[in-house]
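Taking it in order: structure first as structure tokens, then the write-up.
The values are calculated or read from the model by the stated rules, or taken from the named source; none is laboratory data. Since we're looking at a predicted model, the values are computed, not measured. Methodologically, a virtual Cβ is constructed for each residue, glycine included, from the backbone with ideal geometry; neighbour enumeration extends over all protein chains shown.
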Amino acid sequence: MDTKNRSLGNQNFTNEEKQFDERVVNIDRVARVVKGGRRFRFRALVVIGDHKGKIGIGISKGSDVTLAVAKAVDVAKKNLVTIPIYKGTIPHEAEAKVSGARILLLPASPGTGLIAGGVVRTVLEVAGISNALSKSLGSANKINCAYATVDALSSIKDRKDWLTSQKSNANSKKVEK
């Protein structure tokens, strides 16, 4: 009986872990200079997503790579953002700038695929977007590009929130009366 409980416990744990797709985007070795020399640590940039419109980015440092990645995943889970997805793409174009990195995202017709590179591609994949065009302008810093991509995606409005001419005509008629 004890082995059955253990296997069920492990199965539940793995199901809980598979809730998000975790992608390690970048790992850097950083140094702090002290009296005796340099102390090295590792900085991890992790992107998580559920392929249904939820994404998060986390950066954290640790004494070894696995610790840094685990801490970055925890940070990413605390910073989840929900984005609207319409027929596998984004509803409209979006642009965002973080520091020197500027990201432009455009919707694409079905069958186009993801035309994006580097960090932008990873963020769009884990978000669940399968057709989109992107252009990375300015800096190629992975951290700033990741944050700019998330900012661009979070600025996207859902289709039901769009202000159309019918709604604006109805609102203007109300104001006139």
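Observations
- Any chance G138 is of a type outside the set (D, E, K, R), at pLDDT below 90, surrounded by fewer than 17 Cβ atoms within 10 Å (Cβ to Cβ) and not assigned by TED's automatic domain parsing to the domain that holds N26: no
- When segment 89-98 is filtered for residues that are surrounded by fewer than 19 Cβ atoms within 10 Å (Cβ to Cβ) and within 16 Å of the chain's Cα centre (by Cα), the ones remaining, listed by number, are E95, A96, K97.
- Looking only at residues in segment 88-106 that are touching a Pro at 6+ places or on another chain (Cβ under 7 Å) and either assigned to a strand (DSSP E or B) or at positive phi (or both), the one that is modelled with the lowest pLDDT is G88.
- Selection of segment 99-121 for residues being surrounded by 13 or more Cβ atoms within 10 Å (Cβ to Cβ) and of a type in the set (S, T, N, Q) yields S99, T112.
- Filter result (polar (S, T, N, Q) and either out of contact with any strand residue (DSSP E or B) (no Cβ under 8 Å at 6 or more places or on another chain) or in a strand (DSSP E or B) (or both)) within segment 46-63: S60
- Screening the candidates A146, A132 for the property of being under 11 Å from the mean Cα position of the chain (by Cα), surrounded by 15 or more Cβ atoms within 10 Å (Cβ to Cβ) and of a type in the set (A, V, I, L, M) yields one hit, A146.
- In segment 94-113, the residues that are of a type in the set (D, E) and either in contact with a Phe, Trp or Tyr (Cβ under 7 Å, 6 or more places away or on another chain) or more than 16 Å from V123 (Cα to Cα) (or both): none
- Filtering segment 19-45 to residues that are part of a loop (DSSP other than H, G, I, E, B) and loosely packed, with under 15 Cβ neighbours inside 10 Å leaves Q19, K35, G36.
- Per-region count, segment 74-87, residues of a type in the set (D, E, K, R) and assigned to a loop (DSSP other than H, G, I, E, B): 1
- Residue satisfying all of: in segment 1-60; at pLDDT 90 or above and polar (S, T, N, Q); farthest from V120 (Cα to Cα) among these: S60
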